[in-house]
2 protein chains.
Amino acid sequence: MLGAMDDDTPSTPARAARWTWEDFPVGQVRDCGTVTVDRDAIVDFARRFDPQPFHLDEQAGAASLFGGLCASGWHTAALAMRQMCEGYLLESASLGSPGIEQLRWLAPVFPGDTLRVRMEVLEARPMASRPGVGLVRSRWTVDNQHGRPVMTMEGWGMFARRQSAAG
Amino acid sequence: MLGAMDDDTPSTPARAARWTWEDFPVGQVRDCGTVTVDRDAIVDFARRFDPQPFHLDEQAGAASLFGGLCASGWHTAALAMRQMCEGYLLESASLGSPGIEQLRWLAPVFPGDTLRVRMEVLEARPMASRPGVGLVRSRWTVDNQHGRPVMTMEGWGMFARRQSAAG
């Protein structure tokens, strides 16, 4: 049912899910690699979704608390999501997420910054209301090239359990 | 310093900030209008940021827990942000946000759904570390055309205080 997609072929036949709920034990850490944030992508995202001046314009950014044109926090979150998809979600029996806790925007993300995304499993338990599904609570950390955390969050993911995925 | 922007003129001269921290008292409710979610926009966002099959492909969506192709939760959050920008942030002395609590994705968002975004002020206090800045904690609610909540979250916003904005 689940498959990896690329930008040109969203209907590619599904790739078998390699990782089920059992493959996300408490304490596991996964490095989801890096992404460099492009200035035009910052402005494009902001025009669509968060057109506050400090996300659109160098002068307004310089005059803001951030000290320069910087990415919408929602853009940073979306970029982290992309890294997690490529890092493990597209190869897993992911069933979506019911929500996020404690999303923190700790420092501005500037054009040219390179962000590293990591996840750590904090908690894992079967989902009471759905026998074939397990819940995983993770902490995601996004650091910039100076090793400074720019965003952290904790969130829940739902994954098929092995007997279910194999059935 | 802060101005309203449109998609074509990101460097438009700033519009005066009409609302400062004092204009967001506890209990205030603001309706930020509606947005109808386009199928192609769902797929475009998913290709860029969240290429899980149920956000890209009708068949995979139908086979998922969601029951159909549905928007990435991050897309729903970004659309809510846009409504808040248009509803009040672009006319306010907004200084950004330190974070979000308790983001809940309660129901899938399908192509053609019309989402209504509302905010309610839960808490307002001066920011201890910055004399000219006030914090506002808000609950944001996103309902679909059936009146069903699809997303809720609580988050903090920073706003210039009146004496600061006028100075």
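Screening A:Asp40 with (1) within 20 Å of the chain's Cα centre (by Cα); (2) over 21 Å from A:Arg139 (Cα atoms) gives one miss only, at (1). With respect to (1) within 12 Å of chain B (Cβ to nearest Cβ); (2) of a type in the set (A, V, I, L, M, F, W, C); (3) surrounded by 18 or more Cβ atoms within 10 Å (Cβ to Cβ); (4) more than 23 Å from B:Met151 (Cβ to Cβ), the lone exception for A:Met81 is condition (4). Taken together, A:Gly68, A:Gly132 contain a single residue that is more than 20 Å from A:Phe54 (Cβ to Cβ) and surrounded by fewer than 20 Cβ atoms within 10 Å (Cβ to Cβ), which is A:Gly132.
Kindly indicate the residue of the range B:26-73 that is among the small types (Gly, Ala, Ser) and touching a strand residue (DSSP E or B) at 6+ places or on another chain (Cβ under 8 Å) and also nearest to the other protein chains (Cβ to nearest Cβ) among those meeting that condition.
Of the range B:26-73, the ones among the small types (Gly, Ala, Ser) are B:27, B:33, B:41, B:46, B:60-64, B:67-68, B:71-73.
With the extra rule that they be touching a strand residue (DSSP E or B) at 6+ places or on another chain (Cβ under 8 Å), the set shrinks to B:27, B:33, B:73.
Values: B:Gly27: 25, B:Gly33: 15, B:Gly73: 6 Å.
Applying the filter and picking the extreme gives B:Gly73.
Checking the stated criteria, B:Thr76 turns out to be polar (S, T, N, Q), more than 7 Å from chain A (Cβ to nearest Cβ) and buried (at least 22 other Cβ atoms within 10 Å of the Cβ). Kindly establish whether B:Phe159 is under 26 Å from A:Thr152 (Cβ atoms) and either under 12 Å from the mean Cα position of the chain (by Cα) or surrounded by 20 or more Cβ atoms within 10 Å (Cβ to Cβ) (or both). In short, yes.
Condition check ((1) touching a Leu at 6+ places or on another chain (Cβ under 6 Å); (2) modelled with pLDDT of 95 or more) across all residues:
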| residue | (1), (2) |
| --- | --- |
| A:Ala107 | no, yes |
| A:Phe110 | no, yes |
| A:Met119 | no, yes |
| A:Met127 | yes, no |
| A:Val136 | no, yes |
| A:Pro149 | yes, yes |
| A:Ala166 | no, no |
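Would you mind listing the helices (runs of 4 or more DSSP H) fully within the range B:57-167 where at least 2 residues are touching a residue at least 60 places away in the same chain (Cβ under 8 Å)? Explain how you work it out, then say what you get.
On the way: elements: B:58-63, B:73-87, B:162-166.
Here the list reads B:73-87, B:162-166.
Taken over the range B:71-86, residues that are within 12 Å of A:Gln52 (Cα to Cα) and among the small types (Gly, Ala, Ser) amount to 0.
The values are calculated or read from the model by the stated rules, or taken from the named source; none is laboratory data. In this text the structure is predicted, and so the values were computed from the model without any measurement. With ideal geometry, Cβ positions are generated from the backbone for all residues, glycine too; neighbour counts draw on all protein chains shown.
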